[in-house]
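Here, each number is a calculation from the coordinates, and none is a lab measurement. Values in this document were obtained by computation on a predicted structure and should not be read as measured data. Every residue, glycine among them, receives a Cβ derived from its backbone with ideal geometry; neighbour counts consider all protein chains shown.
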Amino acid sequence: MAALIQTVQQERAGGRVALVVIANPAKLNALGAAAMLELTAAMHGLNADPQLRAVVLTGAGDKAFSGGVDVDELGATTPASAREGITRLHQCIGAVRACPVPVIARVNGYCIGGALELAAACDLRIAADHARFGMPEVRLGIPSVIEAALLPRLMGAGRARWLLLTGELIDAAEALRWGLVERVVHAATLDAEVDQAVDAILAGGAEAMRAQKRLNTAYEELPLAEAIALSIDEFERAYGTSEPQRLMAGYLRRRRK
């Protein structure tokens, strides 16, 4: 059986970048149990790579980032297997969210249900203009759970409730207006836009980027005073590396020219 998750590592001038592809286009890159396990394993491997600078996550083809959890598997779920199945998805998405470097969701079409939760766990979302987004679980008799909790943080409580309660799809332009994605571009320029974002990430210090990723999570999850205290620790820790001195010296040299 062909791999459902394909990973390609690229060595760029600024460092190592991984492209992770959900590769099941015949089923709109659905996330079945096998794909979830493969994606979890792939991310665990990448997360342990100290040379990694960025990850791009996308779906194969031009129709879907992912249509969400495989509906055939959802239909076969029982009260006895429900907890195991949803925990598997949570662990998969959690492995993406735990990545120590920025993860960009390259949304190249439908991004539905569990796939939208997966995109929400990424740091940045860049969408093609034909992309569609939705959380239709209630129409299948189940609530949207686990990382659906990230949606109010991205787009506000009211707009998240609209998606979660109506099950309606919104287009890429609406997703941009609502703050669900950061960029929307024509499909033909999607790769160029993603590359530009990757280049911007690679322009930052490798250690500083990992520290900022840790702080971004803290800013979302911790009380304000705790997040500020942690940020002071990270600032001090940065000066324990050679990175600030090296990058600031380079900046000052360029400014004097």
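Each helix, a run of at least 4 DSSP H residues, gives -39500 (n - 2.57); summed and divided by the residues of the chain, these come to -14500 deg cm²/dmol at 222 nm.
When each of the peptides 56-69, 191-204 is scored by the mean number of other C-beta atoms lying within 10 Å of its residues, the order from highest to lowest reads 56-69, 191-204. Within the listed set Asn47, Asn108, Asn29, the Gaussian network model of the chain (springs between alpha-carbon atoms below 10 Å) gives the highest mean-square fluctuation for Asn47.
Projecting the Cα atoms of Thr241, Asn47, Ala175 onto the charge dipole of the chain, computed from C-beta unit charges around the Cα centre, puts Thr241 farthest toward the positive end. Among the listed options [x] 7, 29, 35, 20, 7, 1, 0; [y] 6, 25, 29, 23, 13, 4, 0; [z] 7, 34, 40, 17, 2, 0, the one matching P(r) over Cα pairs in 10 Å bins from 0, in percent as calculated from these coordinates is [x]. Calculated over the range 41-179, the projected area of the Cα convex hull averaged across directions stands at 8.4 nm². Given R₀ = 45 Å, what would the calculated FRET efficiency be for Gln6 paired with Arg256, taking r from the Cβ atoms and rounding to 0.05? Calculated value: 0.45.
Multiplying each eigenvalue of the alpha-carbon gyration tensor of the range 206-256 by 5 and taking the square root yields semi-axes of 26, 10, 9 Å, largest first, rounded to whole angstroms.
One chain, two ends: Glu207 and Ala225. Fully extended at 0.36 nm per residue, the span grows by 4.1 nm beyond their Cα-Cα distance.
So if R0 is 25 Å, what FRET efficiency would Arg237 and His44 give, r being the distance between their Cβ atoms, rounded to the nearest 0.05? Can you show the working numbers first?
Working: r = 25 Å, r/R0 = 0.99.
Here the calculated transfer efficiency is 0.50.
Bridging of Lys257 to lysines at a Cα separation below 18 Å is possible for none of them, once same-chain residues fewer than 8 apart are set aside.
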